[in-house]
């Protein structure tokens, strides 16, 4: 595990003058076009934060970020990894982009999808991704072809993963000293994966601090395998947790340290007031034996515990700190929100499911009409999309959640989803079913990856072995600032 001095070795600590403010049309009282730093962790649920009541896990830096942010307390994502990433990237439900799984070619975001990175690039933003992509390992689907200028990623859905399709990472890759693909070139890194991704993000931010930028830091942690250094897991082993749970909390504590380092560097470089910092996670709770903030179920399910996540928005001087917003919001809302804040034009052909959060960021009490969010785990067997219409699905309104077309929960009065009240509210159920049926009919034809043949090999594996044979694997970093 690298210490803080090593962590900053390639980043430096030179203060920088903040970028100037500009007025973006339609922003009104939010006056400047901000830099955007979006942090999304992997498999960290709503309850994996001290500020959300976790009785064991210590997250002082994220707790501080929580205190300084506007928090969306009814913020929802998809039940698993790739679907959430596709929805966040495109502002529409993942099924509209062909993403219905995390493997078997069904994690590939359709090539006609327009990403937020593409839209921000056209608004003169530099764009970057560090960590987990998980929206297609084949070359046309890679982030350098989807609007990102700087790419520093592992393959597949996690470091070292490999499947009988195109989804696969460098063979034998580990969380410590992983091989990473940096702008089409594989590099041999040193130390722990999360530290590496944040270090590279900080190096890139420093290089681009004098222009508008979008930095997407998508950690592969605390997703399994649960691996971290002993200094992070030991406090939780000492607290009586088993090794897997202690490592899971240790991985989250490591993320917390990295967030703290990021915030410190933003302050030193004069970026804090001109940067919108967002923290969220990609799906709900993944450790069934640990604290889950009173919610039912876990990742991979359509219940609250599988889809409700933290969402902190910090922009000092522009949006309020310490404010909770309980309006129904979701990952699909990030695309229109960032586009509006950054003065970017959304192409007319793009059909969004999300809506901009700017009215709520301006005024937490702004009018916000009720809506339906559609949730489906996907992951049906090959060729079984039609038959899986009501399998592991939900419709969420501000008050209610209809699950699997046969369970209704009054979330406002029963947040733990303990009592099925489907017989008590027939009119509510009828409206939700009608909306869901219409939505399903729309998205079914967009599931373009359902019957495609599987690739013969993993592209990351092929490219890595080819580079290794032809020119070797250089040590990271390969480009000093």
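Coordinate-derived values only; no laboratory data. None of the values given here were measured: they were computed from a predicted structure. For neighbour counting, all protein chains shown are included, and Cβ atoms are generated from backbone atoms with ideal geometry for every residue, glycine included.
Structural remarks
- Restricted to Cα atoms, the chain shows a radius of gyration and a Dmax of 21.3, 68 angstrom.
- Exposure proxy for 264, 162: other Cβ atoms within 10 Å of each Cβ, ordered fewest to most, give 264, 162.
- Protection proxy ranking, peptides 56-66, 36-46, 467-477, average beta carbon neighbours within 10 Å, highest first: 36-46, 56-66, 467-477
- Going from the fewest other Cβ atoms within 10 Å to the most, the residues 425, 216, 232 appear in the order 425, 232, 216.
- Taken along the Cα-to-beta-carbon direction at a fixed 7 Å, the label points for residue 431 and residue 231 span 5.5 nm.
- Placing a label point 7 Å from the Cα of residue 138 along the Cα-to-Cβ direction, the residues of the range 85-100 whose backbone N falls under 14 Å from that point are 98-99.
- Each part gets one Cα centre, and for the range 382-412 versus the range 345-376 those centres are 21 Å apart.
- Measuring between their Cα centroids, the range 235-293 and the range 438-458 lie 34 Å from each other.
- Across q = 0.11, 0.17, 0.19, 0.29 Å⁻¹, the range 373-444 modelled as identical point scatterers on its alpha-carbon atoms has Debye log10 I(q)/I(0) values of -0.27, -0.61, -0.75, -1.38, in the order of the q list.
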